[in-house]
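Working notes for the structure below.
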Amino acid sequence: MTTTTEVYLVRHGQSLHNKEQRIAGQLDSELTELGFEDARSVAQVIGRSDFEMIYCSDLLRARQTAETIIETLGLTCPIRY
């Protein structure tokens, strides 16, 4: 029996620093409204809800992106930051 693991990599949506063309590095920067729209669009493209785990950076922009995707898809799997 062969087991397959699928991995989805998603970059965070547009952040305030992105919009201002500032390098954020490890600084927290929240998503803009476009960033939230980006996350909802990614969720629609993914279009499935059978994930076993979500791994996410603890930076605000990444958390907001992941949480928006989770909410949009109605995911119930655990998330690890």
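The angle between the Cα long axis of helix 33-46 and the main principal axis of the chain comes to about 20°, on a 0 to 90 degree scale. In the chain, helices alone account for a calculated mean residue ellipticity at 222 nm of -12000 deg cm²/dmol, with every DSSP H run of four or more residues adding -39,500 (n - 2.57). Accessible surface for the chain, divided over its residues, is 73 Å² per residue with a 1.4 Å probe.
With axes computed from alpha carbons, what is the tilt in degrees of helix 60-73 against the longest principal axis of the chain, rounded to the nearest 10 within 0 to 90? Here the helix axis deviates by roughly 40 degrees. For q values of 0.16, 0.21 Å⁻¹, compute log₁₀ I(q)/I(0) with the Debye formula on a Cα-only model of the chain, without solvent. Once normalised to I(0) and log-transformed, intensities are -0.60, -0.94.
Counting 0.36 nm for each residue step from Asp58 to Thr4 and taking away their Cα separation leaves a gain of 16.7 nm. The relative contact order of the chain, computed from alpha carbon pairs under 8 Å that lie at least 6 residues apart in sequence, is 32 percent.
The values are calculated or read from the model by the stated rules, or taken from the named source; none is laboratory data. Since we're looking at a predicted model, the values are computed, not measured. The area values use the complete protein model at the heavy-atom level, side chains included, leaving out ligands, DNA and RNA. Shrake-Rupley method; radii C 1.70, N 1.55, O 1.52, S 1.80 Å.
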